[in-house]
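Undergrad: Handing you a structure now.
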Amino acid sequence: MNFECARISRTLISSELPSQVDLQGCNHFTFLNGRFGRAVNSIVTRRVLSILAAAAVAAVATPAGAQSLNVDASGGTGFNTAIFGQNLYSKAYYTAGIGTGFEKNLELTNGTSLRGPSAGGNAMTYDWRTRVDQAQNIPLPGGGGFANSASTLDLLRMARDHQSTPIFTVNEQGIGTLDNSAVFTYSDKTIGTMTQLASDWVRYTNHILQTYRQGDTISDSEDQRILNSLSWGGPDFTSDLLLKPGEAAVPKVTYWEIGNEAEYYDDAATYRSRYESITTAMRAQDPTIKVGAGMGGPQADQGNYLKTVLKNGTFWEGGFLQTKTYSKLPVDFIAYHPYGYQILGVDAGNPANHGAISQQLSNIRTNQQAERNWVNDQINNSNGFLNGSRNVSDFEFLATEWNSAVPDPDPGQDGNWRFRQWNALGVVETAMTFAQMGFSAAQFWVWPADIYGGGPSGAELPQFKAFQALNQYGGDVLVQSVTSETGNRLYVTRDSQSGTVTIWGMNFLYGDPGDADKTFNISLTDLGITPGQITLMRLADTTGRTTLLSGNDFLTNGVTVDWITSDLTGQINLSNFTFTVKPAELAMLVIQVPEPSTAMAGGLVSVLFLTSRTLSRRKACASRPSSTPF
C-alpha cells in the first residue's frame, strides 16, 4: 500500500471525510479485501463504503492490464423495454398475507411487461370466466374453500397503472373444477369449448372493456352473454366486470400466447389443430391481435411441435412418393422458455467448483444463442418443397419464462441460487443478451422479491435489485457490448428519451482471495447531453468480500447485498477514465442530464433523479425514498 492509500485508510478509520483524494496508485481500493478490510469491516458504515466506491472510477493513467474502449454514445441499436418484464400469476397472495412481496414484484413491471392472469402450467387449466385454475389452492382464512386469483380486469388495471405490456396465455387444453382438497380435475377438453373461451376473451378485453362502463346499457346480445358468463366474486381482488364511469381506459391485449409448453400435453398434430381453431376464432374478434405458439424449448420439444405448427407448403409425407400440403397458420411470434439451468446440481460449498460456477455466468450468452438457433432451425425446416415461405425475419420472439438459475425453491435442485449474487449478475447478463438478440418481450419466472422462500414477504433479493436497476437505468438503446478476454462483460445503454447513459460492468470471478479486479479504460464521446449528475452504483455485499454466493443466508442474516452509491459529479473526465469492477460485483456508472438531486445526511447523493418517460416508451417512473438509489 503506498503512502496515499495509507492516508485514506487512516482517514476512514477516524471517520474523517477528505474533500479530495488522489487515487492514483491505490489500485482502486483493492486493499479493502486485504488485512485492512478485515480489520475495519465491523466498523465501516455505508457512508464510508460510498467513499471507497468512488475509487472504482478515476481519471488516471491506464493501469497495466486495463482494456481500452472507445464508446460512441450516440450509436447503438434500439430494443423493447418489455424484455425486463415479469410473470405475475397472482394466485391468492393477499389472502395468504404476503401481499407486500406481490406489490414489490408488481413494481418491476413499470414500463416493461407482465404475463398473466394465469401463467405457467396453471394457464393450461385456467378458466378466465371464473378465475379457477389448478393453482388456486390457498385456503381462505377460517376455511370455506380456496381463494381465486386476479381477474382479467384486475390484471389490465395493473398493466395500465404501471404502463406495462400485457401478455396473455390462452388455455388450449381444458377446464375443470378444484375441490376442497385442492385437486383439479378436467371436465371439458373439447376443442369447441376452448375455441369459444378464447374468442370470448379477446372480445372482452379488446371490445367490451373498451366500449362500456359500469351502469351503461349493454346494447349487443353477444356482449351481454359474455358478461353474464363471468363470476368473479372473491376476497382478494375486485369483482368488477367493467370499469367505473370516468375511469381511465385499460390497454387492449395485443400478444396472445397459445398454450404453455404445449409439448408436455397432446401430440404435435393435436396441438396444431387446436392452435388453428383457436387463433382463427380470436382473429375474427380482433384481426389486429398477435398470436403465437407457446413452447418450452429444445429441452421439451422432442416431437417437433413447433415445426408442426409452422409447417406450410407441400411435404413428402405419409408413405412412398406421397405428399401432404399444410396451410400457413397465423403465427406472429414464437414464445419459448429459454431456461439455462446453468447451476443445476453444482455443489457451491466445494471451492473446487468455484471456477465452474464463474464459467456458467460467462456461458449464459452462448446458451441463449444456442436455444435461439434451435428455434431458427425449426422455422427453416417448416417449409415444404413446394410453396413453403416462412423466414426467421417473419417472427417476433418472446421469452415468456426464463431464469438464469433454477427458477423454483426446490432443495433437490439447489433452488436457493435465486437468493444469491450469482443470479443478480445472471439477470443482467440474460436481459442484455435478449436486447442484443432483438426479443420483443421477456418475463422472468418468478418473484425476484422473495414471496415463498420462508423469509419475510418482499425480501429484496439480489436478483430483485438487479431488476430495479434494469427497470430504471436499462434504457432502450444498446450502445455497445464488450466481452473481456477473461469472459467478463461491459454494456453501455442509453435512454432515448432522457439521454441518460449507463455503463454496466460485471466481473464473473467467484470472489475468492486473489481473484482480480477487471479494469476498463474508457473514452466516452458524443453523449448528446451535457453531463449532469454522475453516480457510481455497486451491487455488493455490505458486510465483507462479495462472492457469487453472497446473499444466500438472508433467511438468518437478512439481505446483506445492497447498492453502494457514490456521487462522482464533476470528478471524472468522461473522455478518459478508468472503470473498475471487483470480483462477483455489478457496477454501474449512471450519467444523467443536469437535474435536481436529493442529498442524504452527510452530503452523499444516493438518489438519482428520475426523468419522466413518455407513454410511447411505456416507461413509468415512481418517486423513491431518499435513502436508496431507487
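Undergrad: Which number in (1) in contact (Cβ under 8 Å) with a residue 60 or more places away in the chain; (2) under 30 Å from A82 (Cα atoms); (3) of a type outside the set (K, R) marks the one condition that D377 misses?
TA: (1)
Undergrad: Those residues that are acidic (D, E) and within 20 Å of R489 (Cβ to Cβ), I need them from region 512-540; list them, please.
TA: Of everything in region 512-540, those that are acidic (D, E) and within 20 Å of R489 (Cβ to Cβ) turn out to be D512, D515, D517.
Undergrad: Among all residue pairs at least 6 apart or on different chains, which show Cβ distances below 7 Å where the first residue, located in region 272-300, is of a type in the set (K, R) and the second is open to solvent by less than 10 Å² (accessible area, probe 1.4 Å) and part of a helix (DSSP H, G or I)?
TA: Partner pairs satisfying both residue conditions: R272/V309; R274/M194.
Undergrad: A follow-up question, please. Restricting to region 559-580, and then to whatever is touching a residue at least 24 places away in the same chain (Cβ under 8 Å) and under 27 Å from D450 (Cα atoms), can you tell me which residue is surrounded by the most Cβ atoms within 10 Å (Cβ to Cβ)?
TA: That would be V561.
Undergrad: In this structure, is E263 part of a helix (DSSP H, G or I), surrounded by 14 or more Cβ atoms within 10 Å (Cβ to Cβ) and in contact with a helix residue (DSSP H, G or I) (Cβ under 9 Å, 6 or more places away or on another chain)?
TA: Against the criterion (part of a helix (DSSP H, G or I), surrounded by 14 or more Cβ atoms within 10 Å (Cβ to Cβ) and in contact with a helix residue (DSSP H, G or I) (Cβ under 9 Å, 6 or more places away or on another chain)), E263 qualifies.
Undergrad: From the list G528, G544, exactly one residue is in a loop (DSSP other than H, G, I, E, B) and farther than 25 Å from D476 by Cα. Which is it?
TA: Every option except G544 fails the conditions.
Undergrad: Counting residues that are hydrophobic (A, V, I, L, M, F, W, C), which strands (runs of 3 or more DSSP E) fully inside region 269-385 reach at least 2?
TA: Result: 290-294, 313-316, 333-336.
Undergrad: Suppose the filter is part of a loop (DSSP other than H, G, I, E, B), farther than 25 Å from N423 by Cβ and open to solvent by less than 40 Å² (accessible area, probe 1.4 Å); does I522 pass it?
TA: Answer is no for this residue.
Undergrad: Any idea how many residues of region 248-258 are in a loop (DSSP other than H, G, I, E, B), open to solvent by less than 40 Å² (accessible area, probe 1.4 Å) and out of contact with any helix residue (DSSP H, G or I) (no Cβ under 7 Å at 6 or more places or on another chain)?
TA: 0
Undergrad: Confirm whether G505 is at pLDDT 95 or above, assigned to a loop (DSSP other than H, G, I, E, B) and open to solvent by less than 10 Å² (accessible area, probe 1.4 Å).
TA: The answer is no for G505.
Undergrad: Would you confirm, using the coordinates I've provided, whether D240 is part of a helix (DSSP H, G or I) and within 20 Å of T130 (Cβ to Cβ)?
TA: No.
Undergrad: While we're on this one: When you go through (1) assigned to a strand (DSSP E or B); (2) open to solvent by less than 20 Å² (accessible area, probe 1.4 Å); (3) under 19 Å from S404 (Cβ atoms) one by one for S481, which number turns out not to apply?
TA: Going through the list (1) assigned to a strand (DSSP E or B); (2) open to solvent by less than 20 Å² (accessible area, probe 1.4 Å); (3) under 19 Å from S404 (Cβ atoms), S481 breaks only (2).
The values are calculated or read from the model by the stated rules, or taken from the named source; none is laboratory data. The structure presented is a predicted model; accordingly, all values stated were derived computationally and were not measured. Here Cβ is always computed from backbone atoms with ideal geometry, including for glycine, and neighbour counts include all displayed protein chains. Areas reflect the complete protein model, heavy atoms only, side chains present, ligands, DNA and RNA absent. Shrake-Rupley method; radii C 1.70, N 1.55, O 1.52, S 1.80 Å.
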